[in-house]
Amino acid sequence: EKGGWSSFMRKEVSEQPEAVAKTLLGRVVDDQVVIPELESFGDDELRGIRRITVIACGTASYAGMVAKYAIEQWARVPVEIELSHEFRYREPVLDDHTLVVSISQSGETMDTLMAVKYAREQGARTISICNTQGATIPRESDAVVYTHAGPEVAVASTKAFVAQIAALYLFGLHLARVRGTLSAEEIAVQLHELQAVPEKLELVLAESEKVAQLAHWMADTRSVLFLGRHVGYPIALEGALKLKELAYIHAEGFAAGELKHGPIALIEPGQPVFVVVPSPRGSATLHPKVVSNIQEIRARGARVIAIAEAGDAAVLPFADEVLRIPLAAPLFEPLLAVVPLQIFAMELSQAKGLDVDQPRNLAKSVTVE
Ligand code: F6R
């Protein structure tokens, strides 16, 4: 079943270009988004939405965080993300102008399922983003947009994550058309960016060996920090989660702008820090801020591993290692930047002789609270 790969994880990481391509397949027609599964949501209803609440756990919640930036920018509707287990145990403010979007690879996560049921009882309309046909969460939702990543067997989520972002982006662009917040031309530009992702993912995967070497050199590392900003922030959180669960290494992700508000106290000589660097072209305001964060931590002895766009020379004087990703518009960078972080965690797990497909204490679907 592993088709020649040494682990499911390795296979699934390599299947990411296909996971995105299949999720887009048939849903982009003549530069427009076509999502027949959303027919039960009329255009009037989508125009009437005042707020979107995304509910999910773990990696799926980070896909939601990434999509928040895109959906707010494109469709001008406020999006909030909440962990399912927090959402369901308070009294969230919901009404029939709130759209609740759940994200779940398995479609069986108990907390997310209960949160969806609760939202419906409160009168909210619900859409699920799910990778498993006929699972419970889509059955309990008003509509489902399936990701077509194919079965994900390794416990840690990889290809489902990129497919979730792709599906949420399609949804965001659909919403932007219906709500008239983007022109047909602007939507076409974003769709072309999205359709270019699979090919760019192949280019990132082609650099895997460099990441593997880095992981092998770092096999004794006890703690790793991850910094990111804007859409790079959820990627920093995801990089840290992958490293915890696969390599059992203490890891934390931070928004780079938070450094001075506390985390910089953690920096001591030799501390490895991954920094997801925004594009100097696409994020002219944020790029210099992140580069200056890199200088600040480097001055305190951090060992900096930058994930930066091809050709970004500004990071070179300050980074100990640079992992390159192809040029992409800012909102599409997370789909690429996450891959070296997944590979780093996977390789470190293998360097430590751990079971990368079945990390200790974890289950693929969490059907208990
Ligand atoms: C991390 C991971 C988990 C899941 C989370 C939600 O690698 O796999 O954090 O993302 O348990 O699972 P689903 O998406 O099945 O609801």
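Summary table
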| item | result |
| --- | --- |
| Cleavage-rule hits (GluC sites (Glu not before Pro)) in segment 19-59: DSSP loop, at most 11 neighbouring Cβ within 10 angstrom | Glu39 |
| Inter-centroid distance (Cα atoms) of segment 282-343 relative to segment 19-83, Å | 27 |
| Built amide H within the under 5 Å cut-off of Arg51, gap 5+ | Leu99 |
| Antiparallel bridge percentage (DSSP; both residues within segment 236-369; nearest 5) | 0 |
| Average accessible surface area per residue within the chain, 1.4 Å rolling probe, Å² | 40 |
| Under the Karplus curve 6.51 cos²θ - 1.76 cosθ + 1.60, θ = phi - 60°, whole-Hz ³J(HN,Hα) for segment 228-240, x wherever Gly or Pro sits | x, 9, 6, 5, x, 5, x, 5, 4, 5, 5, x, 5 |
| FRET efficiency for Glu91 and Asp43, using Cβ-Cβ distance with R0 set to 30 Å, rounded to 0.05 | 0.45 |
| Along the chain, longest interval not containing exposed trypsin sites (Lys or Arg not before Pro), exposed being DSSP loop plus at most 16 other Cβ atoms within 10 Å | 91-221 |
| Semi-axes of the equivalent ellipsoid for segment 237-369, Cα gyration tensor, largest first, Å | 27, 18, 14 |
| Alpha carbon convex hull of the chain, volume per residue in cubic angstrom | 133 |
| Theoretical gain in end-to-end length, Arg139 to Thr367 [0.36 nm per residue, Cα-Cα removed] | 80.5 nm |
| Binned Cα-Cα distances of segment 84-165, short to long, each 10 Å bin given as a whole percent | 20, 50, 26, 5 |
| Computed E for Gln195/Gln73 - FRET, C-beta separation, R0 25 angstrom, nearest 0.05 | 0.85 |
| Length added when fully stretched, Ala188-Lys2, from 0.36 nm per residue minus Cα-Cα | 63.3 nm |
| Amide H within-cut-off set for Gln271, under 5 Å, with H built and near neighbours excluded | Arg303 |
| CD proxy at 222 nm, helix term only [per DSSP H run n ≥ 4: -39500 (n - 2.57); per residue of the chain; nearest 500] | -14000 deg cm²/dmol |
| Net dipole in debye of segment 171-264 [+1 Lys, Arg Cβ; -1 Asp, Glu Cβ; about Cα centre; nearest 20] | 320 |
| Cα-based Rg of segment 76-218 normalised by 2.2 N^0.38 Å, two decimals | 1.22 |
| Cross-link pairs beyond the 28 Å C-alpha cut-off, checked among Lys289/Lys364; Lys22/Lys68; Lys2/Lys242; Lys210/Lys260 | Lys289/Lys364; Lys210/Lys260 |
| Euclidean distance of C-alpha centroids, segment 94-121 and segment 160-237, integer Å | 24 |
| Carbon + sulfur, % of accessible area of segment 228-369 - ligands and nucleic acids excluded, 1.4 Å | 54 |
| Loop-located GluC sites (Glu not before Pro) in segment 241-345 whose Cβ has at most 13 other Cβ within 10 Å (DSSP) | none |
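The values are calculated or read from the model by the stated rules, or taken from the named source; none is laboratory data. Predicted, not measured: the structure shown is a model, and the values here were computed from it. Cβ: placed from backbone, ideal geometry, glycine included. Neighbour counts: every protein chain shown. These accessible areas exclude ligands, DNA and RNA; they are computed on the full protein's heavy atoms, side chains included. Shrake-Rupley method; radii C 1.70, N 1.55, O 1.52, S 1.80 Å.
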